[in-house]
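The values are calculated or read from the model by the stated rules, or taken from the named source; none is laboratory data. The structure displayed is predicted, hence computed values, not measured ones. Glycine also receives a Cβ, built like all others from the backbone with ideal geometry; neighbour counts cover every protein chain displayed.
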Ligand SMILES: Nc1nc2c(c(=O)[nH]1)N[C@H]1C(S)=C(S)[C@@H](COP(=O)(O)O)O[C@H]1N2
Ligand SMILES: [Mo]
C-alpha cells in the first residue's frame, strides 16, 4: 500500500498564494445582509469574531456541521454553509497567485500571439474587446481543493465574458507543426531547475484541439465587470472543463509550439502521483492536472417548517444524478436544481430529511452522464494517490440535530 508521504502542506494561503481578504466592500455588504441586530453585533465584537457572526447571519436556519473546517474567513474561499448564490458574487471569488498578484496597466498591456503562426501579432485591450463577444458561466475549482482537511472552499461559479480563442488562432494562421498552445501570464517567479536558477513566467499549455474547443475564451469581464486584479486583469483564459490551474490569468503571450510544454505547472507542480494496480504488479503514474473530475459536497442543512433540508452542489462533469447517504444507510436520490443539464457549471441539489435529534453523518456522491461515480476516499483511486491534487472523493459531514 502506498504511503502518504506528501509533505504536510503548510497553510493553503502559503501553498496557493491565496489573496487575503482585504476587500473592505466584503464585510460591509455581508453586514447589510445580516440585518440590523447583527450589524450592531459587528460594532460590539472585535475583528474576526464580529466577521464570523455577521457571516452567519443569513444562516439563522442553518444547522452547522460539527466537522466543518473554519472556512471563508481568511482568504475568500467559499463558505459552504453560507452558500445561497448560484453565481458567486465577484467579491467572493477565491484568488490563487503562485507568483503573487501582479498589477497590470491596461493601457500599456499587450497580448502577443506568436510562435508557429503565419501572422504573429499583438493586441491592445481595446482590440480584444472589439472582437466577437461570448459569455460562459463556469465552475472553477483549484485542483488542490480538498487535498487537505482545512481547504475545501477553493471553488467559484461565475460568468466570464470575452472573445472566443479559436477564431483568433485561425486568423493568426497556425502552422501545421503548431500542435501545442502555451499561455503565459505576466507573473514571474524564480525557479531552480537542475541547480540553475531561472526567472519564469507562470505558464500552462493545452493541445491545439483543446484550446480551440467551443467555450474556450479570452475573458476580460467577470459577472459583467472588468476582471479584478486578483482574478486576472486585464485578460485571462477561461477553459470550461479544466481545473483552475489551466485558466491562466494576466495573459501576456499565446505561443504555438511543436512539442509538449514542460513548465513547472504542467510537469512538476500540479502533477498527480499515484500507484495504479496492486503492490506486486502496479505502476506508478505521474499525470499533469488537467480536466476536472466528477465531484459533489453536502453544503448546508437548513431547518424547515417541518424537518430539514440538505442542500449541496455537484460539478466537474455533466451531472446525471446525485445520491445522499445518511448515517451510512442506503443511497437516496437528491433532487437536482439550478444548473441541471449545464455541463460546466455546478448543479445545486437538495434532499428533504426528517432528522431525529442527535448525531448524524451526511455523505453525497455525484454520478456523471458517462456513468462515472464519485469515489469514496477509501477507493483505491484515492488511497493510491499520494499527492493532494485531484482529491475529489466523497465528503462525509457530521452534524448534531438539536
Ligand atoms: N498567471 C497565473 N494564472 C493562474 C495562476 C497563477 O498563479 N498565475 N493560478 C492558477 C490556479 S492554480 C488557479 S486555481 C486559478 C484560480 O483562479 P482565480 O484566482 O480566478 O480563482 O488561477 C490559475 N491561473
Ligand atoms: Mo489551483
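Can you find even one residue in region 262-275 that is assigned to a loop (DSSP other than H, G, I, E, B) and free of Cβ contacts under 8 Å to residues at least 60 places away in the same chain?
yes
Name the single residue, out of those in region 146-162 being within 14 Å of ligand 2 (Cβ to nearest atom) and under 12 Å from the mean Cα position of the chain (by Cα), that is nearest to residue 234 (Cα to Cα).
Looking at the filtered set, the residue picked out is 156.
Please determine whether any residue of region 41-58 is modelled with pLDDT of 90 or more and part of a loop (DSSP other than H, G, I, E, B).
Scanning region 41-58, I find no residue that is modelled with pLDDT of 90 or more and part of a loop (DSSP other than H, G, I, E, B), so the answer is no.
Having 3 or more residues that are more than 16 Å from ligand 2 (Cβ to nearest atom) is the bar; report the strands (runs of 3 or more DSSP E) wholly within region 210-257 that clear it.
Ranges flagged: 217-222, 251-257.
Out of all the residues in region 345-395, which are part of a loop (DSSP other than H, G, I, E, B) and over 18 Å from residue 143 (Cα atoms)?
Passing the criteria: 354, 355, 356, 357, 369, 370, 371, 372, 378, 379.
From the list 268, 274, pick out the single residue that is more than 13 Å from ligand 1 (Cβ to nearest atom), at pLDDT below 95 and surrounded by 16 or more Cβ atoms within 10 Å (Cβ to Cβ).
It is 274.
Only one of (1) surrounded by fewer than 21 Cβ atoms within 10 Å (Cβ to Cβ); (2) within 16 Å of ligand 2 (Cβ to nearest atom); (3) more than 12 Å from residue 204 (Cα to Cα) fails for residue 263. Which number is that?
Here residue 263 meets the rest and fails (3).
Pull up region 114-157, narrow it to residues that are part of a loop (DSSP other than H, G, I, E, B) and free of Cβ contacts under 8 Å to residues at least 40 places away in the same chain, then point me to the one that is nearest to residue 86 (Cα to Cα).
The qualifying residue nearest to residue 86 (Cα to Cα) is 133.
What is the number of the single condition among (1) surrounded by fewer than 16 Cβ atoms within 10 Å (Cβ to Cβ); (2) within 15 Å of ligand 2 (Cβ to nearest atom); (3) in contact (Cβ under 8 Å) with a residue 60 or more places away in the chain that residue 291 does not meet?
The one condition residue 291 does not meet is (3).
So which residues in region 253-290 are in contact with a helix residue (DSSP H, G or I) (Cβ under 8 Å, 6 or more places away or on another chain) and within 13 Å of residue 386 (Cβ to Cβ)?
Across region 253-290, the qualifying residue is only 274.
Any residue in region 165-179 that is farther than 25 Å from residue 96 by Cα, at pLDDT 95 or above, in a strand (DSSP E or B) and touching a strand residue (DSSP E or B) at 6+ places or on another chain (Cβ under 6 Å)?
Checked against the condition, which is being farther than 25 Å from residue 96 by Cα, at pLDDT 95 or above, in a strand (DSSP E or B) and touching a strand residue (DSSP E or B) at 6+ places or on another chain (Cβ under 6 Å), region 165-179 yields at least one hit.
Looking at this structure, is residue 230 within 14 Å of ligand 1 (Cβ to nearest atom), closer than 21 Å to residue 292 by Cβ and either in contact (Cβ under 8 Å) with a residue 60 or more places away in the chain or crowded, with 21+ Cβ neighbours inside 10 Å (or both)?
When the stated conditions are applied, residue 230 does not pass them.
Out of 241, 185, 215, which single residue is within 11 Å of ligand 1 (Cβ to nearest atom), under 20 Å from the mean Cα position of the chain (by Cα) and within 27 Å of residue 88 (Cβ to Cβ)?
185
Checking residue 147 against (1) surrounded by fewer than 20 Cβ atoms within 10 Å (Cβ to Cβ); (2) farther than 21 Å from residue 90 by Cα, which test does it fail?
Every listed condition holds for residue 147 apart from (1).
Give the number of residues within region 317-335 that are assigned to a strand (DSSP E or B), farther than 21 Å from residue 141 by Cα and in contact (Cβ under 8 Å) with a residue 24 or more places away in the chain.
Selection size over region 317-335: 5.
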